[in-house]
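The values are calculated or read from the model by the stated rules, or taken from the named source; none is laboratory data. Predicted model, so just to flag it, every value in this text is computed and none were measured. Because the Cβ atoms are built from the backbone with ideal geometry, glycine has one as well, and the counts that use them run over all protein chains shown. We work out accessible area using only protein heavy atoms, side chains counted, and drop any ligands, DNA or RNA first. Shrake-Rupley method; radii C 1.70, N 1.55, O 1.52, S 1.80 Å.
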Amino acid sequence: MNKWKVINRITEAGLVVVVRADDGEQAKRITEACLKGGAAAIEITYTVPGATKIIEELAKEYKGDIIIGAGTVLDPETARAAILAGAEYVVSPFLSVPVVKLCNRYQVPCMPGVMTIEGVVEAMEAGADILKVFPGEAFGPKIIKAIKGPLPQANMMPTGGVSIDNVAEWIKAGAVAVGAGGSLIAGAKTGDYESITNLSRQFVEKIKEARAAL
């Protein structure tokens, strides 16, 4: 998919589901549940055993239905492996300029982790498309508003600490999307995938409502 189409789909729906699954089967069931709930994208983290293979399988099965990306990418080698496997975007917990450069070389959206004004500026200068505010729970929604004071052009997506109870606050503070993990997919531990579908739907609705209230 075209780079800008990926970015647009993520920002339109506003929800990226961060998946730290036990195995490929669980990751697939989470993906299916989130797709039913209207999530735009699934981020398979590289803390998941066999992440590259899982990305490849999901990218083939859900092509055109939901965007599959790679998360917890720490180096350009991993980024390239993920892209070759079919990842349509790459997320890092910190700013790695070599990772951003590699993603730009292949026109794949890159979302490096930032937490300071300096980090935000450096990431934008390196060519990052969306900035992952991480860990979000360290400061809460106010960090988005504080950063967008001097840098209104920054496109930020908080991850960590985002829940159904505070997602509206993040959007109203200026986030273009949110990354939700444990608070959304907790049901997978007990096999309750219906709860994941319901929560995904609630997240998307709350995002829409918060945007309409701006």
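This table checks each residue for (1) of a type outside the set (D, E, K, R); (2) touching a Gly at 6+ places or on another chain (Cβ under 7 Å); (3) open to solvent by 10 Å² or more (accessible area, probe 1.4 Å).
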position	(1), (2), (3)
Asp75	no, no, yes
Ala82	yes, no, no
Tyr89	yes, yes, no
Ser92	yes, yes, no
Ser96	yes, no, yes
Val99	yes, no, no
Leu102	yes, no, yes
Arg105	no, no, yes
Pro112	yes, no, no
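For segment 124-132, the count of residues that are acidic (Asp, Glu) and more than 30 Å from Lys28 (Cβ to Cβ) is nonzero.
For segment 99-120, filtered to residues that are part of a loop (DSSP other than H, G, I, E, B) and not hydroxyl-bearing (Ser, Thr, Tyr), the residue that is nearest to Glu137 (Cα to Cα) is Met115. Within the bounds of segment 122-138, is there any residue that is modelled with pLDDT of 95 or more, among the acidic types (Asp, Glu), open to solvent by 10 Å² or more (accessible area, probe 1.4 Å) and more than 17 Å from the chain's Cα centre (by Cα)? Scanning segment 122-138, I find at least one residue that is modelled with pLDDT of 95 or more, among the acidic types (Asp, Glu), open to solvent by 10 Å² or more (accessible area, probe 1.4 Å) and more than 17 Å from the chain's Cα centre (by Cα), so the answer is yes. Among the residues of segment 66-81, is there at least one that is within 21 Å of Met1 (Cβ to Cβ), in contact (Cβ under 8 Å) with a residue 24 or more places away in the chain and of a type in the set (Asp, Glu)? Checking segment 66-81: not a single residue is within 21 Å of Met1 (Cβ to Cβ), in contact (Cβ under 8 Å) with a residue 24 or more places away in the chain and of a type in the set (Asp, Glu). Out of the residues in segment 3-50 meeting the condition of being among the polar types (S, T, N, Q) and in contact (Cβ under 8 Å) with a residue 12 or more places away in the chain, tell me which one is most open to solvent (accessible area, probe 1.4 Å). Filtering segment 3-50 for residues that are among the polar types (S, T, N, Q) and in contact (Cβ under 8 Å) with a residue 12 or more places away in the chain, the one most open to solvent (accessible area, probe 1.4 Å) comes out as Thr47. Scanning segment 178-195 for residues that are among the β-branched types (Val, Ile, Thr) and either outside any helix (DSSP H, G or I) or open to solvent by 30 Å² or more (accessible area, probe 1.4 Å) (or both) yields Val178, Thr190. Within segment 196-214, how many residues turn out to be open to solvent by 20 Å² or more (accessible area, probe 1.4 Å) and farther than 15 Å from Val19 by Cα? Residues meeting the conditions: 11. In segment 122-177, of all residues being among the aromatic types (Phe, Trp, Tyr) and assigned to a loop (DSSP other than H, G, I, E, B), the one that is nearest to Ala40 (Cα to Cα) corresponds to Phe134. Of everything listed in (1) assigned to a helix (DSSP H, G or I); (2) on the phi > 0 side of the Ramachandran plot, the single unmet condition for Ile207 is (2). A count restricted to segment 139-150 and to residues that are exposed (fewer than 15 other Cβ atoms within 10 Å of the Cβ) and of a type in the set (A, V, I, L, M) stands at 1.
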